[in-house]
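Worksheet: the structure to be examined is printed underneath.
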Amino acid sequence: IGVGLVGFGLFFILFGILLYFDSVLLAFGNILFLSGLVFIIGIKRTFTFFFQRSKMKGSSFFLGGVIIVLMRWPLLGMLLEAYGFINLFRSIPP
């Protein structure tokens, strides 16, 4: 279920970007992506991943971007999410 939710979330995010930042598709994609992440790794591990002291800057930008997209400012929200995503996963080696 989790992998399907993440897949549909990424699909809706990509489709929302292709349709000139459609705020409804982006918001739906963000909700599906985050709920799929919770289904895959669990509530506690998701919470500890986003709220580690070393990842607080990236988490705040990413989750703030999700909130901005939900408030129907899709371009600013996606820019904040992208910056937060880069900061969140910077420490993971390739």
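Couple of notes before you dig in:
- Comparing mean-square fluctuations of 64, 42, 84 from a GNM of the chain with C-alpha springs under 10 Å, the top value falls on 42.
- Convex hull volume per residue in cubic angstrom - Cα atoms of the chain: 92
- Packing-based ranking of 29-36, 6-13 yields 29-36, 6-13, ordered from highest to lowest mean Cβ neighbour count within 10 Å.
- 3J(HN,Hα) from dihedral phi, the stretch 13-19, Karplus parametrisation 6.51/-1.76/1.60, rounded to Hz, x for glycine, proline: 5, 5, 5, x, 5, 5, 8
- Normalised contact order of the stretch 1-90, rounded percent, pairs of Cα under 8 Å and 6 or more residues apart: 26
- Distance between the modelled labels on residue 1 and residue 14, one decimal in nanometres: 2.5 nm (7 Å Cα→Cβ projection).
- Summed residue charge, Cβ within 11 Å of residue 38's Cβ, Lys/Arg positive, Asp/Glu negative: +2
- Dividing the helix sum by the residues of the chain, where each DSSP H run of 4 or more adds -39500 (n - 2.57), gives a mean residue ellipticity at 222 nm of -25500 deg cm²/dmol.
- Couplings 3J(HN,Hα) for the stretch 48-60, derived from phi with the Karplus relation 6.51 cos²θ - 1.76 cosθ + 1.60 (θ = phi - 60°), are 5, 5, 6, 10, 6, 4, 6, 10, 5, 5, x, 5, 5 Hz, where x marks Gly and Pro.
- Selection from 68, 27, 89 lying farthest towards where the dipole of the chain points positive, charges on Cβ: 89
- The chain - charge dipole about Cα centre, Lys and Arg +1 at Cβ, Asp and Glu -1, debye rounded to 20: 420
- Treating r as the C-beta distance of residue 48 and residue 79 and R0 as 30 Å, the FRET efficiency rounds to 0.70.
- For the stretch 31-47, putting each phi into the Karplus relation 6.51 cos²θ - 1.76 cosθ + 1.60 with θ = phi - 60° gives couplings of 5, 5, 4, 5, 5, x, 4, 5, 5, 6, 10, x, 5, 5, 5, 5, 4 Hz, in residue order, rounded to whole numbers and with x for Gly and Pro.
- Using a Gaussian network model of the chain in which every pair of alpha carbons under 10 angstrom is joined by a spring, one finds that among 19, 70, 79 the greatest mean-square fluctuation is at 19.
No lab work stands behind these numbers, since they all come straight from the coordinates. Because the structure is a prediction, the values reported are computed rather than measured. Every residue, glycine among them, receives a Cβ derived from its backbone with ideal geometry; neighbour counts consider all protein chains shown.
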